[in-house]
Amino acid sequence: MEPYLSIVIPIYNEEENIPVLWERLSKVMAEAFADPAKPWEVVFTDDGSRDRSLPMLVEIAKAEPRIKIVEFNRNYGQHSAIFGAFAETRGRIIVTLDADLQNPPEEIPKLVAKVEEGYDVVGGWRQGRQQNDSFFRTMPSKIVNAVTRKTTGVKLHDYGCMLRAYSREVVNAMLLCKERSSFIPALANSFAKRITEVPVAHAERAAGESKYGLWKLINLQFDLLTSFSLLPLQMLSVLGVLIAFLGFALFVGLMAYRFLHPEGTVGGVFSLFALLFFFVGAQFIAFGLLGEYIGRIYQEVRDRPRYMVKKVHGAE
């Protein structure tokens, strides 16, 4: 029988969390999804882990035939790992979950129930995060959420929570998209008719270190901006018009000042230098944004695979 529910979990150096994760997840599946008419499966993606994560998952899979492990040949990143697992899922409902236990597996039934009500995408909205994460983690997340709401037009509170549920149709549509830079929550929204979110608990990372540093968060922001919106390019056009207008107004003002106060024109040289540096800085920002778009176009036209699967373990 085809699975009714598929749980997708990307793994990268999580050997300390895997035993507790599987203990809690298996308990949830046994209690909340015991109905034999609604079978389930769990698909892990080992995203090039360098610790004992893969051998530990393989051992678990030997005792549980409903587990499948997608082994990547190296690290490709969280979103590629999720896509790798998506390709192996068979369930009508697919739930993504992080391995760090910041979002408890016990919240999965809540999301599944919403999809069963007819929603295509159900996002988790982390509660109490201000007490658990530092300012340097919550502030970039707030920026990502604000930009995502603007670019997608879908006003959800928390796009950074990986505890999310999708219908089979939405996952199939996402698998047809071959672009390398993909922000899955925003991509899913572009194919969904009914979208909602539910409050979920949030805890501190059980063990290990976060895989999302400042640079990865910045790169994620660029993925979001350049993959789903032309807003940066449009802003450059507006900025160009504004700078041209200010330059013309400055020219008129300087001419008027020279005519009225010819002896005082030398005093404005340093102001002109300051304005010049501002305009040069604005140009470099514009070049950087244009370069970001061109670089991503270059990546896409090479048409290289998003990831390489070395082997699929379990669930033969």
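Readers should treat all values here as calculations from the given coordinates under stated rules, not as data from a laboratory. Here the structure is a predicted model, which means the values were calculated and not measured. Backbone-built Cβ (ideal geometry, glycine too); neighbour counts: all protein chains shown.
Here are some notes:
- Packing-based ranking, highest mean first, of 306-312, 114-120, 52-58 given that Cβ atoms within 10 Å are counted: 52-58, 114-120, 306-312
- Label-to-label distance for residue 127 and residue 193 is 3.1 nm, based on points extended 7 Å past Cα in the beta-carbon direction.
- One equal scatterer on each Cα of the stretch 1-137, no solvent, Debye formula: the resulting log10 I(q)/I(0) at q = 0.12 Å⁻¹ is -0.48.
- A full extension of the chain between residue 87 and residue 287 corresponds to an added length of 68.3 nm, given 0.36 nm per residue minus the alpha carbon distance.
- Beyond 22 Å in Cα-Cα separation lie the following of the pairs 178/310; 27/155; 62/310; 114/178: 27/155; 114/178.
- Computed packing ranks the peptides 38-47, 191-200, 74-83 as 38-47, 74-83, 191-200, most packed first, by mean other Cβ atoms within 10 Å.
- Estimated distance in nm for a label pair at residue 298 and residue 256, the labels positioned 7 Å out from Cα along Cα-to-Cβ: 4.7
- Partner aspartates and glutamates for residue 68 [C-alpha distance under 15 Å; skip if fewer than 8 residues away on the same chain]: 2, 41, 46, 47, 59, 88, 316
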